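Report on the following structure.
The values are calculated or read from the model by the stated rules, or taken from the named source; none is laboratory data. As the structure is a prediction and not an experimental result, all values here were calculated from the model. Please note: Cβ atoms are built from the backbone with ideal geometry, for glycine as well, and neighbour counts cover all protein chains shown. Just so you know, the surface numbers come from the protein's heavy atoms only, side chains and all, with ligands and any DNA or RNA stripped out. Shrake-Rupley method; radii C 1.70, N 1.55, O 1.52, S 1.80 Å.
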Amino acid sequence: AVVSTQSTGAHDAQVMQLVQSRSGLLSQGREGAISLWKDGRRLKTTKVESTGFCSFDIADNDRHCYVGLDERAKICCLDIDTFETIRTILPSDSNKRGLCWSLKAKENLLYLGFESGDLVVFDTRLHTRQLLDLKLHNEIITAMDVRGDQVITASPDNTIKVTSIVGVPRTSEEIPAPSDTSCPVQGQTLHTIPMKCQGTSRVAVREDNRLLAASGWDGGLRLFSRKKCNLLALVPAHDPEAICDMTLDNNHVICSGRDKKISFWTFY
């Protein structure tokens with residue numbers, strides 16, 4: 001049962017992301033503000049130069065927040081408790097990549113999807129070390145999820161790709177020095193899923209790694225099997241170009257969109 005409800009004007013523009021951390025609820029607005037909330041109260045807010053479409057992610061035991069900035073290819077790492085900038089991350093050949101459009105932090109790795117269609121992977125332990133640089137798409141990487149050693153990416157080039165990342169250092173001692181060019185990390189595309197709509201706003205893999213959900217720019221919600229990547233279902237969830245967030249949990253998918261709707265879907 002719902003005991004009480006509360007609504008507040010959280011941001012001056014579209015709310016792009018909500019993430020629960022050990023310090024409280026983090027929200028990100030399209031105007032570049034990131035706020036920390038607890039028990040419905042705003043504890044603090046910081047403004048970063050991030051007014052694009054890249055949602056942030058938290059990592060390092062919920063201590064740090066990684067944000068894609070408006071400055072070409074640059075990523076900012078914030079301390080969640082103080083909102084101070086700890087460091088900035090800049091990939092190699094940054095002037096050729098454009099903006100970071102998608103970002104995921106998993107364990108000790110930071111996955112970045114760029115306007116150029118490149119996937120760049122960093123190890124965030126000890127020092128920020130670029131481990132991998134892959135050209136995956138011909139256009140912007142608009143959506144990304146990570147499950148185990150596989151990365152799922154989507155782009156307006158009408159494809160979703162499943163890429164395996166192997167050779168990742170397991171301990172800090174195995175991390176190559178920045179001067180070492182013989183890094184063993186490699187990536188291989190396992191599946192390419194053709195999309196009949198031009199563009200995907202979100203992709204998500206279920207915890208058991210058996211189901212992949214994708215929200216298209218046509219407003220359609222698509223469900224794929226993870227093993228063979230064949231299409232299982234297509235439902236018209238929202239108006240075209242409306243879906244801006246999606247959550248996949250057990251047998252449910254929740255979508256929210258710019259059409260001011262939240263849709264709940266149950267599948268069997």
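Just a few scattered comments:
- Length-normalised contact order of the chain in % [C-alpha pairs under 8 Å, at least 6 apart]: 8 percent
- Near residue 99, the amide H atoms lying under 5 Å from its own belong to 73, 115; only residues 5 or more places off or on other chains count, and H is placed 1.01 Å from N.
- Distances between placed amide hydrogens fall under 5 Å for residue 158 paired with 199, all partners being 5 or more residues away or on another chain.
- Carbon plus sulfur fraction of accessible area for the chain, probe 1.4 Å, in percent: 47 percent
- Within the full protein context, the accessible area of residue 174 is estimated at about 100 Å² for a probe radius of 1.4 Å.
- Computed FRET value (nearest 0.05) for residue 41 with residue 251, which takes r as the C-beta separation and R₀ as 45 Å: 0.85
- ³J(HN,Hα), Karplus 6.51/-1.76/1.60, whole Hz, each residue of region 163-169, x for Gly, Pro: 10, 8, 10, 10, x, 5, x
- In the context of the full set of protein chains, the chain has a per residue accessible area of 51 Å² (1.4 Å probe).
- Annotation for region 59-133: trypsin sites (Lys or Arg not before Pro) lying in DSSP loop with at most 11 further Cβ atoms inside 10 Å of their Cβ do not exist.
- Difference of contour (0.36 nm per residue) and Cα-Cα distance, residue 209 to residue 81: 42.8 nm
- Listed cross-link partners 106/227; 196/227; 96/227; 38/74; 44/135 are compared with a 31 Å cut-off, the Cα-Cα value being larger for 96/227; 44/135.
- In order along region 83-97, phi translates into HN-Hα couplings of 6, 7, 6, 7, 6, 10, 10, 9, x, 5, 6, 4, 6, 9, 9 Hz, rounded to whole numbers, per the Karplus curve 6.51 cos²θ - 1.76 cosθ + 1.60 with θ = phi - 60° and x for Gly and Pro.
- Inter-site label distance for residue 71 and residue 96 at 7 Å from Cα along Cβ, in nm: 2.2 nm
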